[in-house]
Amino acid sequence: MNERYEAQRIEQKWQARWERERLFRTEDDAPGEKFYILEMFPYPSGKLHMGHVRNYSIGDVAARYLRMKGYNVLHPMGWDAFGLPAENAAIKNGVRPDLWTHANIEEMRAQLKTLGISYDWEREIAMCDPEIYRWTQWIFIRFFKAGLAYKKKNPVNWCPSCETVLANEQVIDGHCERCGTAVGKKNLDQWYLKITKYAQRLLDDLDELDGWPANVKLMQRNWIGRSAGAQVDFPVADSDEKIRVYTTRPDTLFGATYMVLAPEHPMVRTLTYKTEYAAQADAFIDRLQHLNDIERSSATLEKEGLFIGRYAVNPLTGAKIPIYIANYVLMDYGTGAIMAVPAHDARDFAFAKKYGLEIIPVVDPGREDIDLYHLEEAFVAEGTMINSGDFNGLNNRDAIREITAYAEKQGFGKATVNFRLRDWLISRQRYWGTPIPMIYCPHCGWVPEKEENLPVLLPEDVEFTGRGESPLTTSPTFRQVACPQCGGPAEREVDTMDTFLDSSWYFLRYCDAGNEGRIFSDASVRKWMPVDQYIGGVEHAILHLLYARFFTKFLCDQGIAPVSEPFTNLLTQGMVLKDGKKMSKTLGNVVSPEEIIVRYGADTARLFILFASPPEKELEWSDAGVEGSYRFLKRVWTFVRRVLEGEKAAGSADGPGHAGETGADARALRYALNTAIKKVSADIGERYNFNTAISAIMELVNAAYKYADTKNAEPALLRETAEKLILALSPFTPHLCEELWECCGHAGSVLSEPWPAWDEKELVLDTEEIALQINGKVRGKFSVPAGLSADALAAYAADTDEARAFTDGKQVVKSIAVPGRLVNIVIK
């Protein structure tokens with residue numbers, strides 16, 4: 001065994017051996033209870049960052065531990081390989097997106113292997129592989145045939161200079177990131193999936209997800225946004241038109257003094273057609289096009305509006321109330337129209353004050369600090385009804401029910417449930433994505449491609465100019481096809497799918513990644529689904545996790561998936577920070593995993609990132625912490641080498657197992673050993689508290705060194721401690737532990753060994769109280785395991801906080817220990 005710990009040599013050796021022996025390959029019919037553990041797959045940008053290292057190390061510790069516990073573990077990896085960066089590279093550098101993507105995959109796969117992550121690479125998938133996106137298209141056709149995919153017009157970000165559609169992330173402060181031109185909106189026909197049909201189930205089934213963090217479930221509940229209220233129709237004066245609104249507060253109908261339409265509302269054009277307000281309305285709409293929905297719904301946005309020359313009739317009062325368009329009302333929320341009650345809504349109040357509109361309070365909260373008829377701000381409407389005709393005097397909560405019933409009886413409204421969730425817009429005017437497998441025929445309308453013709457392949461004869469609606473429109477061979485239904489001339493859809501569709505089902509494909517004839521076999525998904533433990537960033541709490549749940553429910557309804565929820569347990573790891581900020585190239589605070597691996601080894605990188613913070617918390621990067629982790633691994637190496645050299649010097653090893661010695665020093669070590677094994681087992685297997693598990697291992701190493709320094713240290717107990725230490729540490733630092741296990745004389749992999757057990761009888765430790773003297777004066781007391789020898793007692797005392805309070809910075813001349821009574825430390 002080498003004297004020095006050579007991390008790079010050891011890690012390269014074991015990575016090659018693992019791959020050669022296919023150690024991480026999973027067989028469906030292997031013995032043991034199944035456990036499917038999965039980290040969210042990455043976009044192949046070409047470089048791993050520390051967030052990746054943390055995510056994948058967390059999953060790998062659990063996977064390795066579970067294998068040693070006898071589970072049949074599925075731990076796969078793949079690539080969320082479609083996306084905008086590849087297309088930008090094609091535009092900027094003239095590199096084909098597929099070549100750019102596959103080169104990045106090769107690099108990132110190699111990086112993951114250097115980390116020693118125990119992935120079954122034989123199940124690797126890339127969502128840009130035609131044999132994979134064939135099934136994404138197949139699922140889309142299933143949605144279409146079920147009536148859950150449809151097309152309608154929707155505004156997109158449009159750069160008039162680049163003449164192209166921009167993703168939201170390409171719009172910076174309302175301007176094109178490429179050329180700086182102000183971005184506008186352009187209406188395009190786009191495809192949607194009816195996720196709203198599943199809104200109630202998505203909401204209700206959150207109650208079943210006991211293994212999910214409460215904050216993630218709350219975020220999904222808020223995003224789905226179920227509310228009970230009333231749908232109310234306001235007639236347009238001098239017209240047969242009606243404006244429908246949804247309100248959760250029908251009790252405030254008497255206080256509605258104006259109406260607001262979203263500028264995109266189709267009724268705006270109808271109501272202003274051939275009027276003096278038409279040009280003003282068009283100009284107002286154009287001016288708002290550079291604002292996104294987040295900006296328009298911000299509480300700090302200055303409210304702007306335009307009267308469009310028409311009036312609605314309040315169905316309860318008969319009063320004519322003006323109709324405005326305004327920047328703070330969104331078409332995608334509710335009906336795209338609101339009844340404005342300025343007395344009881346802050347945004348409506350600010351707007352009414354700005355434009356001199358009437359403010360009528362309709363609920364009296366009974367508070368002396370509110371002057372109902374000289375309001376300085378809106379107030380929450382809870383109390384007794386006023387200014388509300390026959391409903392005066394009612395508690396407003398009762399009035400909600402009474403006014404809703406009256407609206408239903410009179411035919412201008414009804415009770416209804418509304419969801420904030422909107423149908424999922426999945427069209428992207430991009431090349432590097434899954435082609436939408438739909439064909440438009442002038443006679444048959446939209447028709448899906450025949451399933452036997454899938455996949456609809458991305459054409460290679462396209463131009464990446466950065467201009468136009470989609471590069472697919474530049475292909476001379478892609479668009480013109482025969483209608484699958486009538487055989488007549490037709491055109492393919494030129495949009496591709498949102499990449500979130502890929503990540504909404506990829507976890508199912510891992511169950512049967514090599515299946516060439518089916519999306520996956522029934523037996524394989526029944527074997528592995530649901531995912532037992534899913535790991536990823538909390539930033540995916542809403543979109544990815546909600547879409548994955550939606551897809552799984554749909555596929556279950558179709559008889560394709562055996563479960564309706566994809567992930568039983570969810571762990572959302574915190575971000576990796578440096579100097580208190582998220583690592584970012586812009587901030588210049590990025591730490592490269594490759595640099596750490598080259599300098600210290602992958603095991604050090606893994607150990608630090610797992611030890612520095614609980615997985616769900618943010619982690620502050622520390623160069624000193626990395627150094628400390630490296631020193632600890634060298635200390636482990638030195639301890640095992642010392643044990644083996646001690647055996648060699650003694651002539652032979654007694655082998656693993658309990659030694660015969662029953663002295664206090666041995667009992668103390670056995671206590672530390674069994675305590676550590678029990679603690680690590682619980683922290684990995686039950687709580688994922690990896691930082692405290694590592695801390696327990698560090699305490700064990702300290703105890704092992706103390707015992708090794710005693711005169712009567714027994715080789716057999718040292719050997720048992722060393723081997724159990726190696727096994728317990730192996731999920732965290734697998735390369736080091738494989739090497740040490742081999743040095744101990746074992747032929748097989750440490751991963752094939754059973755997880756070490758602890759002995760409950762060894763967890764009971766007698767203690768005795770010892771007096772601490774400094775230069776002959778009693779300075780305190782401390783507890784120690786009963787029966788320690790004089791040398792062990794002196795060493796134990798020197799390490800106590802009580803002693804260090806007097807000895808730090810001082811020279812210790814000698815220590816005098818009297819077992820069972822006292823320790824006197826002489827200092828000067």
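Across all directions, the shadow cast by the convex hull of the chain built on its C-alpha atoms averages 46.0 square nanometres.
Annotation: amide H of Leu166 within the under-5 Å range of Asn157, Trp158, Cys159, sequence separation 5 or more or interchain, hydrogens built in the peptide plane.
Report the FRET efficiency, 1/(1 + (r/R0)^6), for Arg269 and Glu451, where r is their Cβ-Cβ distance and R0 is 35 Å, rounded to 0.05. Efficiency computed from Cβ-Cβ geometry: 0.30.
When +1 charges are put on Lys and Arg Cβ atoms and -1 charges on Asp and Glu Cβ atoms, the dipole computed for the chain relative to its Cα centre reaches about 640 debye. A Förster distance of 22 Å, applied to the separation of the beta-carbon atoms of Lys409 and Asp233, puts the FRET efficiency at 0.95.
Evaluating kT/(6 pi eta Rh) at 20 °C and 1.002 mPa s, with the Kirkwood radius of the stretch 391-507 over Cα pairs in the Stokes-Einstein relation, gives 117 µm² s⁻¹. Electrostatic bookkeeping for Ala110 treats Lys and Arg as +1 and Asp and Glu as -1; over the other residues with beta carbon under 12 Å from its beta carbon, the sum is -1. Ordering Leu472, Leu751, Ile195 by Cα displacement along the dipole of the chain toward the positive end leaves Leu751 in first place; charges were set at the Cβ atoms of Lys, Arg (+1) and Asp, Glu (-1). Taking a point 7 angstrom from the Cα of His175 along the C-beta vector, which residues in the stretch 310-342 have backbone N less than 11 Å away? No residue passes the distance filter. Remark: the chain carries 44 Å² of accessible area per residue (probe radius 1.4 Å; ligands, DNA and RNA excluded). With all pairs of different C-alpha atoms in the average, the Kirkwood value for the hydrodynamic radius of the stretch 127-185 is 13.9 Å. Axis of helix 602-611 versus longest Cα principal axis of the chain: the two differ by about 70°, to the nearest ten degrees.
A cut-off under 14 angstrom between Cβ atoms defines the neighbours of Lys47, and their net charge, with Lys, Arg +1 and Asp, Glu -1, is -2. Ranked by the mean number of other Cβ atoms within 10 Å per residue, highest first, peptides 795-807, 50-62 order as 50-62, 795-807.
Between helix 543-557 and the chain, what is the angle of the helix's C-alpha long axis to the longest principal axis, kept within 0 to 90° and rounded to the nearest 10? For helix 543-557, the angle is close to 80 degrees. Taking each residue as 0.36 nm, the span from Gln12 to His443 lengthens on full extension beyond its C-alpha to C-alpha distance by 148.9 nm.
The stretch 588-646 and the stretch 667-697 have their alpha-carbon centroids 18 Å apart.
On the chain, 49 percent of the accessible area sits on carbon and sulfur atoms, based on a 1.4 Å probe. Here the extension length gained between Asp189 and Ala786 equals 206.9 nm, from 0.36 nm per residue of separation less the Cα-Cα distance. Based on Cα atoms of the stretch 4-125, Rg over Rh with Rh as the Kirkwood radius reads 1.03.
Put Val363, Val563 in order of accessible area, highest first, and with a 1.4 Å probe you get Val563, Val363.
Each of Asn395, Val380, Val362 was placed along the dipole of the stretch 360-400 (beta-carbon charges, centred on the mean Cα), and the one lying farthest toward the positive end is Asn395.
Annotation: amide H-H contacts under 5 Å for His175 (H modelled 1.01 Å from N, sequence separation of 5 or more, or interchain): Val183. Using Cβ point charges alone (K and R +1, D and E -1), the dipole size of the stretch 531-635 about the Cα centre works out to roughly 220 debye. Taking the stretch 66-87 and a reference point 7 angstrom along Cα→Cβ of Leu99, the backbone N atoms nearer than 16 Å belong to 86-87. Counted by Cβ distance under 15 Å from Asn395, the other residues give a net charge of -3, where Lys and Arg count +1 and Asp and Glu count -1. Given in Å, the Rg to one decimal and the Dmax to the nearest whole number for the Cα atoms of the stretch 161-313 are 19.8, 60. Spin-label model, Thr196/Cys556: points 7 Å from Cα along the beta carbon direction are separated by 2.4 nm. Taking every alpha-carbon pair under 8 Å whose residues sit at least 6 apart, the stretch 359-473 reaches a relative contact order of 15 percent. Legend: residue pairs Lys197/Lys527; Lys185/Lys414; Lys648/Lys706; Lys303/Lys581; Lys648/Lys761; Lys185/Lys303, Cα-Cα distance threshold 26 Å; pairs beyond threshold, Lys197/Lys527; Lys185/Lys414; Lys303/Lys581; Lys648/Lys761.
The alpha-carbon atoms of the stretch 689-828 define a convex hull whose volume equals 148 cubic angstrom per residue. Taking a quarter of the surface of the Cα convex hull of the stretch 551-702, what do you get in nm²? Mean shadow area of the hull around the Cα atoms is 14.9 nm². The modelled label-to-label distance between Thr384 and Glu645, using points 7 Å beyond Cα along the C-beta direction, is 9.1 nm.
Modelled spin-label separation between Thr473 and Leu822, with each label point placed 7 Å from Cα along the Cα-to-Cβ direction: 9.4 nm.
Over the C-alpha atoms of the stretch 547-621, the Rg to Rh ratio, Rh being the Kirkwood estimate, stands at 1.21.
When the Cα atoms of the stretch 72-119 are aligned to their principal axes, the ranges along those axes come out at 45, 18, 12 Å in descending order.
Entry note: the stretch 169-213 has Rg to Rh equal to 1.29, where both radii use alpha-carbon atoms and Rh is the Kirkwood radius. Helix 734-743 axis versus longest C-alpha principal axis of the chain: approximately 20°, rounded to the nearest ten.
Taking a virtual spin label 7 Å from the Cα of Val813 along the C-beta vector, which residues in the stretch 786-805 bring their backbone nitrogen under 16 Å of it? Within reach of a label on Val813, which here means backbone N under 16 Å from a point 7 Å along Cα→Cβ, the stretch 786-805 contributes nothing. Highest-first packing order for the peptide set 529-538, 751-760 is 529-538, 751-760, based on the mean count of other beta carbon atoms within 10 Å. A viscosity of 0.692 mPa s and a temperature of 37 °C, combined with the Kirkwood radius over C-alpha pairs in the Stokes-Einstein formula, give the stretch 247-288 a diffusion coefficient of 272 µm²/s. Taking all C-alpha pairs of the stretch 456-594, those more than 24 Å from each other amount to 58 percent.
Between Glu21 and Lys152, the contour length at 0.36 nm per residue exceeds the alpha carbon distance by 41.8 nm. Per residue, the convex hull spanned by the alpha carbons of the stretch 61-151 comes to 152 Å³. In this structure, Asp369 and Lys711 have a Cβ-Cβ separation that, at R0 = 60 Å, corresponds to a calculated FRET efficiency of about 0.15. For Val481, nonlocal amide neighbours, meaning residues 5 or more places apart or on other chains whose placed amide H falls under 5 Å from its own, are Ala490, Glu491, Arg492.
The values are calculated or read from the model by the stated rules, or taken from the named source; none is laboratory data. It should be emphasised that the depicted structure is a prediction, and the values quoted were computed from it without experimental measurement. Here Cβ is always computed from backbone atoms with ideal geometry, including for glycine, and neighbour counts include all displayed protein chains. In case anyone asks, the SASA skips ligands and DNA or RNA and just uses the protein heavy atoms, side chains included. Shrake-Rupley method; radii C 1.70, N 1.55, O 1.52, S 1.80 Å.
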